[in-house]
1. Looking only at residues that are part of a loop (DSSP other than H, G, I, E, B) and open to solvent by 50 Å² or more (accessible area, probe 1.4 Å) in segment 29-60, which one is nearest to Val99 (Cα to Cα)?
2. With the checklist (1) in contact (Cβ under 8 Å) with a residue 24 or more places away in the chain; (2) open to solvent by 30 Å² or more (accessible area, probe 1.4 Å) in hand, flag the one item Gln72 doesn't pass.
3. Looking at Thr119, Thr85 in this structure, which one is touching a Lys or Arg at 6+ places or on another chain (Cβ under 9 Å), over 30 Å from Asp21 (Cβ atoms) and either modelled with pLDDT of 85 or more or among the acidic types (Asp, Glu) (or both)?
Amino acid sequence: WGDFRDGVSVPEVEIYYKRSDDGGNTWTDDHRMTWNLLPKGVPCIAAEGSNVLIVWMDARDDNWEIYFARSQDGGITWSPDTRLTENAGVSEVPVVEIVGDIVHVAWAESTLPVGQSGTAARKTRGPWTGRSTTRSPPTMG
């Protein structure tokens, strides 16, 4: 979640995480995921087994980009946060899903041609395997 506890204005919102090993009866202490004073937000989390990923949008690079962090031990320790996108336009509202060994991340991007709504990245056990443009879903009717 985004939290203002370390500042008083939107640019000082930081992303936090906590976990429960007993169905929500008790919780760990809060874990601060981000450490910069520029705007960030819209975190999304996915977990499968002991793999946990958090993605969020972050403006630390003078532009909204998508960042992620990964835990391979159920959220006890975390990788350094890593920039996933590198776009001239705004990358925002990320979502993440883990299916087996594949991680899917999708987000909205302002630099796409008309009729397209976002991009997606996919990761297997190695480095990110690339991004592919996805089209908007058809409307119901």
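The values are calculated or read from the model by the stated rules, or taken from the named source; none is laboratory data. Remember, it's a predicted structure, so these values are computed and weren't measured experimentally. A quick note on method: Cβ atoms are made from the backbone with ideal geometry, for glycine too, and the neighbour counts reach across all protein chains shown. For accessibility, only protein heavy atoms count, side chains too; no ligands or nucleic acids. Shrake-Rupley method; radii C 1.70, N 1.55, O 1.52, S 1.80 Å.
1. Among those residues, the one meeting the criterion is Gly49.
2. (1)
3. Thr85
To keep it simple, each residue is scored yes or no on (1) over 28 Å from Ala108 (Cα atoms); (2) modelled with pLDDT of 90 or more; (3) polar (S, T, N, Q).
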| position | (1), (2), (3) |
| --- | --- |
| Asn25 | yes, yes, yes |
| Asn36 | no, no, yes |
| Gly41 | no, no, no |
| Ala46 | no, yes, no |
| Leu53 | no, yes, no |
| Asp58 | no, yes, no |
| Gln72 | no, yes, yes |
| Gly75 | no, yes, no |
| Trp78 | no, yes, no |
